[in-house]
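To start, the structure itself, in structure tokens.
The values are calculated or read from the model by the stated rules, or taken from the named source; none is laboratory data. If you're wondering where the values come from, they're calculated on a predicted model, not measured in any experiment. Glycine gets a Cβ as well: all are built from the backbone with ideal geometry, and neighbour counts include every protein chain shown.
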Amino acid sequence: MNVALVTVLAKPRLKRLETNYFVGFHHLIQSLRRHSHPLPPVVVLSPDLTTVPPGADRLQRVNTSDYNGIESIQKAFGKSVYFKLDAFRQPYDRVVYIDTDVLAFQDVSDLWSPNAFNTHAIYATRESKSLGLTHPDWQGRLNTGVLVINAPLLGESTFQQLLNLARQGKTYDLGDQGVVNAFLNRSEFASQVGELPPRFNTPSCVRVEGDWARYSQDLAMMHYLGPRKPWMQAPEHPWHHPDTQKLWDLEVSKHAPLPKLNGSLTSSLHTRMVRLIQRYEEWRGIRPK
């Protein structure tokens, strides 16, 4: 079976605060290589990079013009939040998609094994109160941070259908997750969706608002949701907890140092805004010159 491990590295188009997702990507791949052997080819989707980033095997350029006409967008990310949809058009028998704010703590090779997750077209973890995702709009939704996409849903046809839903604004969260859920909620796909056990996509907010005692017992991968990523110093966020930070710190302490990236993933908006904020803080005496 021809399988690829796929993720996205792109500039947050409208994000003011710097979030260098290459740091997350590096530690995601390092953690997977440490716990799971062997890894399938690592494919990075990006409209911004021109060479294969360290840790990846292949760079697949995202054509941003494909996403023209999408008006329902998250302000922090812009259209880059939708670039994940490119995973559905990749030429493989299975795509294992993982967000760059996910970290592995156990062997997760079942995700790409031909003997597992092979009876449905797609597998994802459902959001729930017990996982700490308490908003009513989130209940029962498929979280797209970790996906196992099999051949029946891979190809240009699926990609174009997802794009059409995005252009129609069929997304409850102004992003890819809403589009994928709208696509899979159609009656013809009811039998094609399989349940991915939460151990493969445990949201970090479970420590704060969910059943931590239950899910911490068999934690294979944690999804660090929210704007406060574990490699950042700020901003603070209610979902950021010292216990989940310690898990991150312990795992990444065993990884190779962050290599140099040939290219930039920092948005120009971030650069302009940060400079303005720094000058304002200097003027107010908040920041030393």
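Has region 73-83 got any residue that is closer than 23 Å to N2 by Cα and buried (at least 20 other Cβ atoms within 10 Å of the Cβ)? There is at least one residue in region 73-83 that is closer than 23 Å to N2 by Cα and buried (at least 20 other Cβ atoms within 10 Å of the Cβ).
The single residue among L59, L5, L45 that is surrounded by fewer than 19 Cβ atoms within 10 Å (Cβ to Cβ) and assigned to a strand (DSSP E or B) turns out to be L59. Looking at K79, K75, just one residue is more than 25 Å from P198 (Cβ to Cβ), part of a loop (DSSP other than H, G, I, E, B) and of a type in the set (K, R), and that residue is K75. Selection over region 176-199 of residues that are at pLDDT below 95 and touching a strand residue (DSSP E or B) at 6+ places or on another chain (Cβ under 9 Å) gives a count of 1.
Within region 23-42, the set of residues being surrounded by fewer than 21 Cβ atoms within 10 Å (Cβ to Cβ) and hydrophobic (A, V, I, L, M, F, W, C) comprises V23, L39. The criterion of at least 2 residues that are under 16 Å from the mean Cα position of the chain (by Cα) is met by the following helices (runs of 4 or more DSSP H) wholly inside region 170-252: 176-184. Any residue that is under 18 Å from Y215 (Cα atoms), touching an Asp or Glu at 6+ places or on another chain (Cβ under 9 Å) and in a helix (DSSP H, G or I) - is there at least one of those in region 100-123? No - not one qualifying residue is present in region 100-123.
Residues in region 176-189 include at least one that is of a type in the set (D, E), out of contact with any Pro (no Cβ under 8 Å at 6 or more places or on another chain), crowded, with 18+ Cβ neighbours inside 10 Å and under 17 Å from R89 (Cβ atoms).
Scan region 136-164 residue by residue and report those that are surrounded by 21 or more Cβ atoms within 10 Å (Cβ to Cβ), in contact with a helix residue (DSSP H, G or I) (Cβ under 6 Å, 6 or more places away or on another chain) and either part of a helix (DSSP H, G or I) or hydroxyl-bearing (S, T, Y) (or both). The answer is T144, L162.
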